[in-house]
Structure formats: structure tokens, C-alpha cells
Amino acid sequence: MYSDALKNGRKVFAVAPMIDWTDRHCRYLHRQMSRHALLYTEMVVADAIIHGPRDRLLGHDASEHPVALQLGGSDPAKLAEALRIAEAYGYDEINLNVGCPSDRVQSGTFGACLMLTPETVAACVTAMKAVSKAPVTVKCRIGVDEQEPEEALPELMSRVLDAGADAIWIHARKAWLKGLSPKENREIPPLDYDIVYRMKQRWPDVFIGINGGIQTLDQAGAHLAHVDGVMLGRAAYQNAAILADVDHRFFGDPAVEADWNDLRDRMMAYAERHIANGGRLHHVARHMVGLFTGLPGSRRYRQILSTDANKPGTGPEVIAAAFAAVDFAGEGERASA
């Protein structure tokens, strides 16, 4: 995937892995908005795959492809074992999390704290490459705590590239493991996009993608003048309608007007299947709440999905009621604002 992208000058647009957000229902919604965007799972811990409910952790709808599995862990043998198990699920990429700063990740000695031990990350990549048929990539920060990014980031990159990593995605902030919450770590450490650009200049033949604080497709396009891939996180989740123009902007598809009625029908059918298999409407609807931010009626839309979808026994008709509250005639006004 990544070698072809480099060889052919293709750029990659991705939706970032986000814990508690990018589950299979979120990814199904995002896939309805873009046929080509690379989607990522939430981080799944290797131990959970080895010992836990594999189908629940790894199962996904066939329509989600291209979809990448993000793994958390620091034990090369466990990561390799988790990958052997995950192989049957057919993910298009396997990504190692070296960027998450949450307390539960630190207590497991993986995520962003692994930037302090780049030799461990390299050993993990080596073990993963030995068993994976899919590309193995790393997603990291530019440094943690008192590290000097100009030293720490190239050190990590050199080691994982020597270990065979196929691509590196860089969240262009430091992570402060002491003193900042995970939410604060997404907002307070200053963004340094230039260091990511410099890494691309240093490794011109390596696929390097950028993440962090990117809010619009215009900003994404500007980054792609410097790097090979761009990854949106919260902006794509909190207003998934932004993804409707991705295929035209970045993949050369014809410009088409979004068919919101068709999206409504597809999400209703998907929710109906999920409920028939023992799920609840809320599992699907919670990811749709921010879909029409800025349109007339969007407040009522959010109220319906947030309130009615949580009631026991509710079905896909709640999605229809929510869509009916939106004045889609106002979309053109929003787009030109």
C-alpha cells in the first residue's frame, strides 16, 4: 500500500484511531461518507486479543476496507501472537501505537511512553513484520516529557525503519506523561508541523504521514504539499460530513452532491442488522450525533439521536426522525460560509 503510494505519487487521507470512538459502527458511518479514506480501529491491546473476545475486538464489516488495525503493546512476542490471530480478519495495515498518553496505556508500559525506549519499539516492529502479511506502521508523537524532539524523533524513526516499518504517522505534538490529562495532551502541547516536514526531507523515500490539530480539508491539502499522508481525528468524528468531499478532493473522484436520504437509509438498514444481532441503536447512533453541525435543525437532530436512541427497545425509525429535523436546503449556505 505505502510503497505503491510513494512510487505512484499518491497521497493517503486517513481518519485517526481514537479510543472509545472509532469502533466498527463509527467506521461503517465514515465509510459511507468516503470510499477511499483509510480508516483505523481503536487501539486494541495485544493481551486483549490473545485472551479476550476476538470477534468483538476484531470483527468488522466488509465494507470498511481499507481499514487498519491499531495495536497496543510492548512485548514483541505478544504482539506477534496477536497479529497471528488478527490475520484471519484481513486488515489492510497493522499499526503500532507509540503515541497515546492515557493513564491506562502508561500503566501497561506502551503507547507514548514507548518513545523513551525506541529499542523496544524496534523489537516490536521486527516481531510484527515477521508474521504480518499486511504493512506494519508506527504512529508516534514528536517526543515525550523533557525529550528534545529533534533528537528523540529521528532516533525512534531510524530504529523502526531499520526494523522494517513500512510507514510512520506522526502526531505533531509532544506528549506530557506527567501533569497533563489525555484531553489536555491533545490540546495544550504546541503543534510543530515543521519537524514532521523535516523528517520527510530527511527520509524522502519513506512514507510519512501527519496528524494533530488538522481541522479542515483545506488544511489537509496544505500538509500534503509536504508529506505523504494526512490524518484527521476529532474534526472527522465531530462533523463526519466533512468526509463527504474527501474522495473528490484527494482521490480524483467526480464531485457529487451528498445524498443524505440515501445515507439515512443505509444507516437505518445497518442499525436494524445490529439490533437484530443483539445490539442497541445507541451503539450506532452515538457516532452520528455531530453529522450535520452547522445546518438548520442540527440541534434538534442531535437531541433526537442523543435522547431517543438511548431508550430501551428503540429502532432505526429514530434515525429517520432525526434526519427529518434537518433543513438540508441550508447546506449550500453552510458550504459557502
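The values are calculated or read from the model by the stated rules, or taken from the named source; none is laboratory data. Note that the coordinates shown come from a computational prediction; the quantities given were computed from them, not determined experimentally. Ideal geometry is used to build each Cβ from the backbone, glycine not excepted, and the neighbour counts take in all protein chains shown. Heads up: the accessible areas ignore ligands, DNA and RNA and are worked out on the full protein's heavy atoms, side chains in. Shrake-Rupley method; radii C 1.70, N 1.55, O 1.52, S 1.80 Å.
Brief remarks follow.
- GNM flexibility winner over the chain from Glu187, Glu146, Glu272 (Cα, springs under 10 Å): Glu146
- Kirkwood hydrodynamic radius of segment 45-118, from the reciprocal of the average inverse Cα-Cα distance over all distinct pairs: 12.8 Å.
- Contact order normalised by residue count of segment 1-150, Cα under 8 Å, 6+ apart, percent: 20
- Choice from Ser74, Ser34, Ser181 with maximal GNM fluctuation in the chain (Cα, 10 Å cutoff): Ser181
- Per residue, in Å², the accessible surface of segment 260-324 once ligands and nucleic acids are set aside, probe 1.4 Å: 48
- Here's the picture: charge each Lys and Arg Cβ at +1 and each Asp and Glu Cβ at -1 in segment 260-324, and of Val318, His283, Met268 the one pushed furthest to the positive end of that dipole is His283.
- Cβ charges +1 (Lys, Arg) and -1 (Asp, Glu), total dipole of the chain, debye: 480
- Net charge contributed by nearby residues that have their C-beta within less than 13 Å of Gly209 (K/R +1, D/E -1): +1
- Relative contact order of the chain: 15 percent, from C-alpha pairs under 8 Å at least 6 residues apart in sequence.
- By the helix-only formula, in which each DSSP H run with n ≥ 4 contributes -39500 (n - 2.57) and the sum is divided by residues, the chain has a 222 nm mean residue ellipticity of -12000 deg cm²/dmol.
- Global form of segment 162-240, assessed from the alpha-carbon gyration tensor, a/c cut-off 1.5: oblate
- In degrees, nearest ten, helix 149-162 long axis to first principal axis of the chain (Cα): 90
- Largest mean-square fluctuation among Gly111, Gly59, Gly213, in a Gaussian network model of the chain whose springs join Cα atoms under 10 Å apart, belongs to Gly59.
- The label point for Asp162 and the one for Ala222, both projected 7 Å from the Cα toward the Cβ, are 3.7 nm apart.
- Helix axis angle, 24-33 relative to the chain longest principal axis, alpha carbon, degrees: 70
- Scoring 165-176, 252-263 by mean Cβ neighbours within 10 Å over their residues and listing the highest first yields 165-176, 252-263.
- Segment 2-116, accessible area per residue, ligands and nucleic acids excluded (1.4 Å, Å²): 38
- A simple charge model with +1 on the Cβ of Lys and Arg, -1 on the Cβ of Asp and Glu and nothing else charged puts the dipole of segment 88-203 at about 300 debye relative to its Cα centre.
- Which of Glu119, Glu42 is most accessible, then next, and so on - probe 1.4 Å: Glu119, Glu42
- Straight-line cross-link partners of Lys311 among the aspartates and glutamates, defined as a Cα under 20 Å from its Cα and at least 8 positions apart when in the same chain: Glu272.
- Rounded to 10°, Cα long-axis angle of helix 193-202 versus longest principal axis of the chain: 50
- Separation of alpha-carbon centers, segment 174-227 and segment 11-67, rounded to whole Å: 21
- Probe 1.4 Å, all protein chains present, accessible-area order of Met43, Met267, largest first: Met43, Met267
- Of all accessible heavy-atom area on the chain, the percent that carbon and sulfur account for (1.4 Å): 49
- What the Kirkwood sum gives for the chain is a hydrodynamic radius of 20.6 Å, with every pair of different alpha carbons counted.
- Partner lysines for Lys7 [C-alpha distance under 19 Å; skip if fewer than 8 residues away on the same chain]: Lys200
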